[in-house]
1. How about segment 65-117: which of its residues are among the hydrophobic types (A, V, I, L, M, F, W, C) and farther than 30 Å from Ala145 by Cα?
2. For segment 64-87: of the residues being exposed (fewer than 14 other Cβ atoms within 10 Å of the Cβ) and among the aliphatic types (A, V, I, L, M), which is nearest to Gly36 (Cα to Cα)?
3. Considering only segment 141-185, state which residues are among the hydrophobic types (A, V, I, L, M, F, W, C), surrounded by 19 or more Cβ atoms within 10 Å (Cβ to Cβ) and either touching a Pro at 6+ places or on another chain (Cβ under 9 Å) or part of a loop (DSSP other than H, G, I, E, B) (or both).
4. Could you tell me which of the residues Arg66, Arg84 is under 17 Å from Asp207 (Cβ atoms) and either polar (S, T, N, Q) or out of contact with any helix residue (DSSP H, G or I) (no Cβ under 7 Å at 6 or more places or on another chain) (or both)?
5. With the requirement that a residue be in contact with a strand residue (DSSP E or B) (Cβ under 6 Å, 6 or more places away or on another chain), without any contact (Cβ under 8 Å) to a residue 40 or more places away in the chain and under 22 Å from Met318 (Cα atoms), what does segment 255-278 give you?
6. Just the residues that are of a type outside the set (A, V, I, L, M, F, W, C) and free of Cβ contacts under 8 Å to residues at least 40 places away in the same chain, please, taken from segment 56-74.
7. Counting just the residues of segment 310-342 that are touching a helix residue (DSSP H, G or I) at 6+ places or on another chain (Cβ under 7 Å) and small (Gly, Ala, Ser), which one comes out surrounded by the fewest Cβ atoms within 10 Å (Cβ to Cβ)?
8. For segment 235-337, list the helices (runs of 4 or more DSSP H) that sit wholly inside it and hold at least 1 residues that are farther than 23 Å from Asp187 by Cβ and at pLDDT 95 or above; which are they?
Amino acid sequence: MPYLRSMLHAAVSACALAACGSGGTGPSGPTGSIAGTVLNVSTDQPLEGATVSAGSIQTTTDANGRYDLAGVPVGPAVTMRSQRLGFVAYTEDIAVQQGSNTHDIPMTRQSLFELPGVAVYVPPDVSTVRGVILHLGGEDTRGVATGVCTAPDPAICAAHQQLRLQYLALAATHGLAIMGSGALSRDQTTTDDVLIGALNSIAISSDRPELAQAPLLIFGISSGAPQSYGFTLRRSDRVIGFMVITGSTPSTVRSGAAQRVPGYVLLAEFDTEVNNGKLTEFFVDNRAEGALWTFAVEPGAIHQPPSLAAQSLLVEWMDTILQLRLPPTVTPGAPLESITEASGWLGNRTSFAIAAYSAYVGNKLDASWFPSQETAQSWEGFVTP
């Protein structure tokens, strides 16, 4: 019997040392608990569904962004981690004391998304994306999204940076994302598919499902101009407005749906790289059928990135179109607001005189059309030699 008691005592001691009954995985030293809230730093709102861990202890935040981790080993530098779809992963070492510990976790929205041939920037302060500015050009335009220009011409990079700053201001005002592309500016349905497919993919990876339905405001310059109009022809329901700027000649196909999308055709007076006659004809033929389009020629300009004056003219027009076309309530997939021709202003392309639609004297269907008095006045000052 003494021998049996000795063996039993040894077995109990060995079991205690091996943490019998806990699977052998429990902490061998003192532990503490950590509780707190995971917050979106841009909105200061709690984040549900974030995975939070301290060492090997893990949990998921509730509807109030709260988490509670129990049994965390005490230590001066315990690694805290938090992950959630669409947010930058969080990592920080904190001191954990025995008993209760409190630690709130700030998380930042992921803002830049890069796919083959496409880059999209979503300002983290934009809670719901209402639309996308798409910049298409002969050179790689991903720099308007990334902030890093790879075009070999310094003048093009300077223009991209200047436009990016103005795009960011529009994005903040209207709740927009900014999209640039590589060599995707050819006018074809496969390019449409790449652009839409990229937005669909980012809608998932960013946890911003509204991107899959977001309408586009398309800036098409030089060889990017045909795709700007071509996308509008094929997907007019998804285009807020489009621009054809010192561009290669777009398609001669005309459609009533595309003509109801506000457009801007901007030429350079001494452009020798594109056919200004064909581009003028493109405008005239569509405007004769009631297209809600604006036409301007920059005096003295050559084929080059848009001047600061041209940028100002176009960005003011973009801002106006966004105000008129985006639905008043933030509802992803809601139809764009329509604009009537009679609600705008007109400008004589020869005399440069402007007037409200109802007061315009002359052939209305030969005049340049504007969505507002302000855009008409800016045009008048821009095109007058």
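1. Within segment 65-117, Leu69, Ala70, Val72, Val74, Ala77, Val78, Met80, Ile94, Ala95, Val96 qualify.
2. Looking at the filtered set, the residue picked out is Ala70.
3. Matches in segment 141-185: Cys149, Ala151, Ile156, Ala159, Leu163, Ala171, Leu176, Ala177, Ile178, Leu184.
4. Of Arg66, Arg84, the one residue that is under 17 Å from Asp207 (Cβ atoms) and either polar (S, T, N, Q) or out of contact with any helix residue (DSSP H, G or I) (no Cβ under 7 Å at 6 or more places or on another chain) (or both) is Arg84.
5. Across segment 255-278, the qualifying residues are Val261, Gly263, Val265, Leu267, Ala268.
6. Across segment 56-74, the qualifying residues are Ser56, Gln58, Thr59, Thr60, Thr61, Asp62, Asn64, Gly65, Arg66, Tyr67, Asp68.
7. Ranking the qualifying residues of segment 310-342, first place goes to Ala342.
8. Per the criteria, 308-325.
The values are calculated or read from the model by the stated rules, or taken from the named source; none is laboratory data. Since this is a predicted model, take the numbers as computed values, not measurements. All Cβ positions, even for glycine, are placed from backbone atoms using ideal geometry, and neighbour counts span all protein chains on display.
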